Amino acid sequence: MKKVVTLGQFIVKKQEDFPYAKGELSSLLSALRLASKIVSREVNKAGLMDDIRGSSGVTNIQGETQMKLDDFANLEFISSMMAREEICGMASEENDDIIIFDRPECQDGKYVLLIDPLDGSSNINVNVSIGTIFSIYRRISPVGTPATLEDFMQRGREQVAAGYVVYGSSTMLVFTTGNGVNGFTLDPSIGTFCLSHPDMKMPEDGSIYSVNEGNYRYFSEGVKRYIKYCQEEAEGRPYSARYIGSLVADFHRNLIKGGIYFYPASGLSPRGKLRLLYENNPLAFIAQQAGGRATDGRMDILDIRPSELHERTPLFIGSKNMVDKVHEFIDLYDLKGEKNK
Ligand code: AHG
Ligand code: MN
Ligand code: MN
């Protein structure tokens with residue numbers, strides 16, 4: 001019989017990867033594991049329970065209407081982190097400001113956590129996959145003092161761990177601590193995440209492109225030409241278009257099958273839509289660890305120095321050769337004139 005490795009066992013085994021962490025990062029990942037199981041349970045009954053379905057009517061800082069499950073997931077992750085002592089503060093897509101954990105034990109915590117508690121929330125009411133994205137940094141401010149904004153405004157390269165949960169036909173937790181990417185599937189009958197996708201690698205090439213093509217007319221010339229390239233009849237093309245509208249789910253599929261996801265800048269949203277700290281950085285870290293690539297169309301996502309908490313950037317992420325290709329088009333049609341100025 002094949003030996004099953006649970007996420008709990010895996011975390012304990014991998015503790016030796018972090019000699020500096022003395023089990024703290026492991027304990028932190030365990031807390032995330034528990035919170036995501038609780039959110040998974042609620043997501044699974046979203047269609048059943050009228051009281052958790054539909055809009056809460058509250059609008060978040062991005063001007064979007066929060067669904068009730070967004071609130072639930074947000075509070076669940078915050079309270080499960082607050083109950084521990086590894087984290088001194090959190091930043092969430094759903095909160096305007098950073099959340100400072102002021103219990104003295106928490107002020108001794110060495111890490112901060114950034115989270116998109118529920119990604120793809122427009123898909124909640126229609127039984128389509130949604131997710132959670134998280135990112136962990138070591139704090140910059142001195143241990144024993146309250147967390148500061150500076151702790152959260154680090155480049156993606158400084159992440160010590162990042163991951164996502166996809167609440168799909170099954171629930172999966174995928175994460176990296178900088179030593180490759182591993183995926184765990186929740187066995188609902190025993191409530192345990194089991195290692196199902198060890199050492200995930202993103203194929204260097206793919207035949208899927210994921211973009212909201214309804215916005216085509218607002219894209220730059222380079223992006224438009226790349227989309228046309230995807231649709232051309234040539235060796236291996238046209239590619240298939242696949243767009244779920246939940247970044248986590250689109251990224252997860254492309255990670256396994258090979259593909260590219262992009263949310264470019266456009267006339268509608270000059271900085272794109274996705275948030276650097278809660279969405280782009282964590283997925284870029286995972287892509288990089290799986291052999292893929294993530295950029296904003298100009299530079300690596302992981303090298304961007306954040307200037308505000310809820311900053312947005314364009315995103316091109318996926319199979320390395322596909323991201324290289326879209327860059328050829330952007331360089332030729334969008335940046336060439338600029339470079340010659
Ligand atoms: P969130 O639900 O956290 O606000 O994120 C939604 C994001 C992302 O998941 C998705 O890929 C994208 O928004 C879809 O945007 P469009 O509807 O503009 O294509
Ligand atoms: Mn999101
Ligand atoms: Mn969200």
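The values are calculated or read from the model by the stated rules, or taken from the named source; none is laboratory data. Model, not experiment: these values are computed from the prediction. Cβ atoms come from the backbone with ideal geometry, glycine included; neighbour counts cover every protein chain shown. These area figures cover heavy atoms from the full protein model, side chains too; ligands, DNA and RNA do not enter into them. Shrake-Rupley method; radii C 1.70, N 1.55, O 1.52, S 1.80 Å.
A simple spin-label model places pseudo-atoms 7 Å from Cα toward Cβ; at residue 331 and residue 12 they are separated by 5.0 nm.
The Rg/Rh ratio of the chain, with both radii computed over alpha carbons and Rh defined as the Kirkwood radius, is 0.96.
Over segment 136-205, the hull volume per residue, using the convex hull of the C-alpha atoms, is 150 Å³.
Could you grab the relative contact order for the chain? Cα pairs under 8 Å, six or more apart, rounded to a whole percent. Please list the in-between numbers first.
On the way: 720 pairs, mean separation 49.8, N = 341.
Relative contact order here is 15 percent.
Helix-only mean residue ellipticity at 222 nm, the chain, DSSP H runs n ≥ 4 weighted -39,500 (n - 2.57), per residue, nearest 500. What is it? If you can, show how the numbers build up before the last one.
On the way: 9 runs with 95 residues, N = 341.
One gets -8500 deg cm²/dmol as the mean residue ellipticity at 222 nm.
Sparse packing (at most 16 other Cβ atoms within 10 Å of the Cβ) combined with a DSSP loop state is found for the following trypsin sites (Lys or Arg not before Pro) in segment 135-181: 155. For segment 7-197, the percent of C-alpha pairs falling in each 10 Å distance bin, counted from 0 to the bin holding the largest distance, reads 9, 36, 36, 17, 2.
Between the amide H of residue 161 and those of 136, distances stay under 5 Å, these residues lying 5 or more places away or on another chain, with hydrogens modeled in the peptide plane. If you look at the Cα atoms of segment 208-339, you get an Rg and a Dmax of 13.7, 43 Å. Within a straight-line Cα-Cα reach of under 20 Å, residue 3 can be paired with the following lysines, leaving aside sequence neighbours fewer than 8 residues apart in one chain: 13, 14.
Inter-label distance, residue 158 to residue 38: 2.9 nm, where each label sits 7 Å from its Cα along the C-beta direction.
With charges set only on the Cβ (+1 for Lys and Arg, -1 for Asp and Glu), what does the dipole of segment 112-239 come to about its Cα centre, in debye to the nearest 20?
Values: 10 positive and 14 negative charges, 56 e Å.
It works out to roughly 260 debye.
Report the far tail of the P(r) of segment 149-258, meaning the percent of Cα-Cα pairs longer than 23 Å. For segment 149-258, the share of Cα pairs beyond 23 Å comes to 46 percent. A viscosity of 0.890 mPa s and a temperature of 25 °C, combined with the Kirkwood radius over C-alpha pairs in the Stokes-Einstein formula, give segment 88-191 a diffusion coefficient of 162 µm²/s.
Per atom type, segment 75-116 shows carbon and sulfur on 49% of its accessible surface, probed at 1.4 Å.
Against the chain, whose longest principal axis comes from its Cα atoms, helix 221-231 is set at around 90 degrees. In this label model, residue 108 and residue 232 are separated by 6.2 nm, measuring between points 7 Å along each Cα→Cβ vector.
Using a Förster radius of 22 Å, what is the FRET efficiency between residue 143 and residue 97 based on their Cβ-Cβ separation? Nearest 0.05, please. Intermediate results must be reported in sequence, preceding the final value.
Working: r = 22 Å, r/R0 = 0.99.
With a Förster radius of 22 Å, E is 0.50.
Pull out the extension gain between residue 321 and residue 243, defined as 0.36 nm times the separation in residues minus the alpha carbon to alpha carbon distance; nm, one decimal. Intermediate results must be reported in sequence, preceding the final value.
On the way: separation 78, 0.36 × 78 = 28.08 nm, distance 1.98 nm.
Answer, rounded to one decimal: 26.1 nm.
Which of the pairs 228/325; 257/320; 257/325; 37/201 have their Cα atoms more than 20 Å apart in this structure? Please report the intermediate quantities before stating the final value.
Numbers: 228/325 12 Å; 257/320 13 Å; 257/325 18 Å; 37/201 25 Å.
37/201, as the Cα separations exceed 20 Å there.
Computed with a 1.4 Å probe over protein heavy atoms only, the accessible surface of the chain comes to 44 Å² per residue. Electrostatic bookkeeping for residue 308 treats Lys and Arg as +1 and Asp and Glu as -1; over the other residues with beta carbon under 12 Å from its beta carbon, the sum is +1.
Compared with the dominant Cα axis of the chain, that is its longest principal axis, helix 24-44 is turned about 70°.
Counting Lys and Arg as +1 and Asp and Glu as -1, what is the net charge of the other residues whose Cβ lies under 13 Å from the Cβ of residue 165?
Values: positive: 33, 37, 41; negative: 42, 76, 116, 119.
Summing Lys and Arg as +1 and Asp and Glu as -1 gives -1.
Apolar share of the accessible surface for segment 133-283: 48 percent from carbon plus sulfur atoms, 1.4 Å probe. Taking H as built 1.01 Å from N, whose amide H comes closer than 5 Å to the amide H of residue 171, not counting residues under 5 places away? Hits under the 5 Å cutoff: 186.
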